[in-house]
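Reviewing the structure listed below.
The values are calculated or read from the model by the stated rules, or taken from the named source; none is laboratory data. It should be emphasised that the depicted structure is a prediction, and the values quoted were computed from it without experimental measurement. Heads up, the Cβs are rebuilt from the backbone with ideal geometry, glycines too, and the neighbour counts pull from every protein chain shown. Remember, those area values only see protein heavy atoms, side chains included, never the ligands or the DNA or RNA. Shrake-Rupley method; radii C 1.70, N 1.55, O 1.52, S 1.80 Å.
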Amino acid sequence: MARVLLTGLFAICQLLATHPVAAPPVNLARSARVSASSQHSPPYAPRWAVDGVIPELLCRDDAGRAWAVDGARAGHRATFVLEWEEPVDVAEIIYYGRTSWLLEECWREYEVYLDDNAVPAARGQFE
């Protein structure tokens, strides 16, 4: 089973496939099984992070349109997992921070794990 595990908060996650011809990018995240180690409440389920909808800045209306972590219970950390039945080729991961309530609520650090590897394929910090 192909698996991408992301640590951090992803309000919208688009994983774009590479194609040998110039075709529009495909949001592979929509076809993945999505799960997370935390969610604030049912209207903030992980599946809302991959639907392609980006709530407006400071709109304060993102229930059913964004994933949010219960920060206090999760220790301000979370794991976001995308899984496919078959391997997929990913060209890039696009992160849109959840800015519909607070600008400071976005994740600063991230790690990306592929398949079941214990070592991250990528790690960094957003500015």
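Here are a few things to note about the model shown:
- Filtered residues of the stretch 117-127 (kept if in a loop (DSSP other than H, G, I, E, B) and polar (S, T, N, Q)): ASN117
- Leading residue by the ranking (farthest from the chain's Cα centre (by Cα)) among those in the stretch 50-84 that are farther than 15 Å from TRP101 by Cβ and open to solvent by less than 20 Å² (accessible area, probe 1.4 Å): TRP84
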